[in-house]
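Inspection log for the structure reproduced underneath, given as structure tokens.
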Amino acid sequence: MPMRRAVFDINDMTARATPTDLPRLWPHPSLPSPWAGTVDPWQESLTPWAGAATPAVVWSVAGTDSGGGAGLAADTRAASAMGVHLCTVVAAITAQNSMGVQAVHPVAAAALRAQLQALRADLPARVIKTGLLASAAAVDVLLAQREDACLVVDPVLGASAGGAAFCDDALLAAYRHQLLPQAALVTPNRREAERLLGVAAGQCGVPELARRLRQLGAQAVCITGGDDTSQGTALALDWLDSPMASGWIALPRLTAEPGQALHHHGSGCTFATAAAAALARGFPVPDAVILAKMLAWTALRDGHAAGAGAGPLRPSPAFINDPAALPVMGQADEEVLSDLLMQRWTQALQQRLEPAQHKPLQPSTQTQTPWHPPSQGPSIAPSQRGSSADFRPGLYAITDQSARIPALAASGHFAHIQLRIKQAAKPAQGDSAPLPLRDSIRAALGAVEGLDTTLWINDHWRLALEEGARALHLGQEDWTTLTLPERHDLWTRCQAGMLKLGLSSHSLWELCRARAVSPTYIACGPVWPTTTKDMPWLPQGLAQLRWWARMAGRPVVAIGGILAPSQVEAAQRAGASAVCLVRAAERWMARPAATDPVASPAGVPDPWPTYE
């Protein structure tokens with residue numbers, strides 16, 4: 001089977017991940033979910049998705065494909081790769097092959113009802129995914145048996161290979177008035193979205209189509225663009241519109257070798273089933289869509305011939321560990337696909353960290369590169385940067401008091417110090433008033449002048465730049481609230497080598513948004529439970545940190561709940577380029593700077609508690 005190539009060469013990005021060369025890493029949901037079990041933050045690896053004793057149950061109500069490419073055949077392959085148990089409910093029988101669909105035969109309502117009732121009695125679904133329904137009666141039967149299952153709607157209105165019609169006016173009305181208002185996620189391509197809305201081809205942009213579909217009642221919409229060549233870009237772009245996150249999701253557009261076919265039969269089914277499976281695993285909608293994009297992209301890349309036309313996709317569980325498959329994601333206000341956005345995202349997708357042996361963390365004089373698995377590919381040339389080549393591994397202290405920065409910097413322990421003043425503090429009774437914010441930033445910058453320590457200013461980026469700061473850290477919400485010109489200004493400064501930028505991330509979609517900017521580093525947290533900041537996120541844990549370090553393509557900084565040397569050492573082993581200390585930074589200064597930071601010298605009392 002010939003290797004699928006993108007418009008820019010996938011071989012130059014990364015070696016293809018295979019089951020034999022992968023560390024077995026799987027992400028877990030970052031937000032609370034009744035379907036996501038508790039994860040011990042100390043676990044360095046999790047149970048393989050396919051190894052669950054009781055995998056999540058998903059129903060697919062769809063059509064058969066006698067050619068084995070799309071429909072329930074594709075759904076079964078995708079569900080297997082995602083590690084869920086798929087119950088296949090036949091709503092239609094098709095006569096088709098790789099060249100097209102010759103006939104569609106809807107299943108009688110009584111037969112469909114009997115299948116659903118049998119499953120409802122023994123195998124209740126967390127998520128139901130719909131594909132080819134073929135009749136309005138099927139919608140009535142399905143909704144009567146649905147109960148409280150989450151609903152993912154893949155509106156199959158016609159076959160990409162052509163042939164028999166799939167959807168009449170009655171079924172189209174049932175989609176609009178019955179299915180969409182109850183759907184947690186709808187996954188049409190552009191043509192299907194236009195038909196559902198009754199608009200002419202090209203009349204509305206993709207983001208507007210998604211908005212209108214949500215106005216029909218869908219909780220979230222992802223319009224897939226792998227088959228939409230009208231965008232004319234080197235990237236395959238899907239648009240997600242959801243309450244939690246909206247924006248373009250991009251990976252390289254795959255093309256076939258000259259004289260070969262791109263085997264894409266069943267790509268829409270694969271995407272929708274993967275999203276349904278991810279929801280059933282407890283991932284929120286934006287993360288579920290990211291995972292679906294990853295699985296569908298790798299399965300398309302690895303598709304195979306079967307018949308004279310387009311063959312089926314070949315999904316594999318190995319997709320989850322393939323750094324080339326992790327997309328970038330834009331912001332909600334980046335609807336217009338400008339040349340600048342395409343350049344930024346293309347550059348971000350090409351970046352991989354240089355593999356090197358990861359040595360123990362040392363004081364701030366060290367210059368070694370963090371270890372990353374060899375399959376992450378070649379190094380980032382300085383001309384490609386985002387300044388990650390200048391990011392020194394080491395300890396990273398965070399303080400909200402500029403007066404403490406001289407001592408932190410002089411201790412020799414910290415390669416990085418962050419001044420994080422979220423709001424002006426009220427002085428305690430009898431204390432003098434705190435320095436104004438500008439004076440605090442100015443004092444902090446002066447404290448590290450001439451020292452081998454990078455000072456990062458959190459949030460107050462305008463003041464920081466006015467005072468000459470060269471390194472900023474922004475949280476996801478702070479980055480998102482910037483205007484397009486402001487984000488462009490900061491990105492341009494980074495590209496020119498005038499600025500270093502760190503961004504936070506707590507979930508898969510936030511990681512993809514951070515990657516899109518090519519920042520100097522991406523923070524992953526909270527690794528352990530933390531009380532220093534009120535946030536909805538679950539602890540990432542060491543297993544998630546390992547996955548971040550493998551996939552991010554940028555240096556990863558571990559943050560959150562790190563109180564003891566054993567945690568620092570564990571985060572470093574997991575691949576973190578730097579480890580943040582907040583409350584623990586002051587205690588760390590009591591340790592001699594010339595020693596291994598995770599071992600107390602003989603005769604010196606260790607000021608740290610044992611962390612359990």
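The values are calculated or read from the model by the stated rules, or taken from the named source; none is laboratory data. Remember, predicted model here, so these are calculated numbers, not experimental data. For neighbour counting, all protein chains shown are included, and Cβ atoms are generated from backbone atoms with ideal geometry for every residue, glycine included. For the accessible areas, the whole protein counts, side chains as well, though only heavy atoms, and no ligand, DNA or RNA atoms are used. Shrake-Rupley method; radii C 1.70, N 1.55, O 1.52, S 1.80 Å.
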With every protein chain kept in place and a 1.4 Å probe, the residues E208, E510, E477 fall, from largest accessible area down, as E477, E208, E510
Mean accessible area per residue over region 198-355 (1.4 angstrom probe, all protein chains present, square angstrom) is 30 Å²
Sorted largest first, the C-alpha extents of region 242-315 along its principal axes in whole angstrom are 43, 22, 13
Ordering 177-189, 436-448 by per-residue average of other C-beta atoms within 10 angstrom, highest first, gives 177-189, 436-448
Here, D439 and A50, labelled 7 Å along Cα→Cβ, have an inter-label distance in nm of 6.4 nm
At the level of C-alpha centres, the distance separating region 230-286 and region 175-224, in angstrom, is 16 Å
Residue separation between D168 and S66 times 0.36 nm, minus their alpha-carbon distance, gives in nm 34.5 nm
For region 89-161, the dipole about the Cα centre with charges only on Cβ (Lys and Arg +1, Asp and Glu -1), to the nearest 20 debye, works out at 40 debye
Residues meeting the amide H criterion for M99 (H placed from the backbone, H to H distance under 5 Å, 5 or more places apart or on another chain) are G309
For L563, the residues 5 or more places away or on another chain with a placed amide H closer than 5 Å to its own amide H are none
The ³J(HN,Hα) series, computed from each phi in region 185-195 with the Karplus coefficients 6.51, -1.76 and 1.60 at θ = phi - 60°, rounded to the nearest Hz and given as x for glycine or proline, is 8, 10, 10, x, 8, 5, 5, 5, 4, 5, 6
In region 54-212 the accessible area split gives carbon plus sulfur, as whole percent at 1.4 Å, a share of 53 percent
Scalar couplings 3J(HN,Hα) for region 30-35 by Karplus 6.51 cos²θ - 1.76 cosθ + 1.60 (θ = phi - 60°), nearest whole Hz, x for Gly and Pro, are 9, 10, x, 8, x, 9
With every protein chain in place, the accessible area of M498 for a 1.4 Å probe, in Å² rounded to the nearest 10, comes to 100 Å²
Rounded to whole Å, √(5λ) for the Cα gyration tensor eigenvalues of region 190-330, largest first, gives 24, 19, 13
Taking Lys and Arg as +1 and Asp and Glu as -1, residues besides G83 with C-beta under 15 Å from its C-beta add up to +3
Any residue on another chain or 5+ positions along whose placed amide H is under 5 Å from the amide H of L46 is listed here as W26
Diffing region 573-579: the Karplus 3J(HN,Hα) column from phi (6.51, -1.76, 1.60, θ = phi - 60°), in whole Hz with x for Gly and Pro, holds 4, 6, x, 5, 6, 8, 10
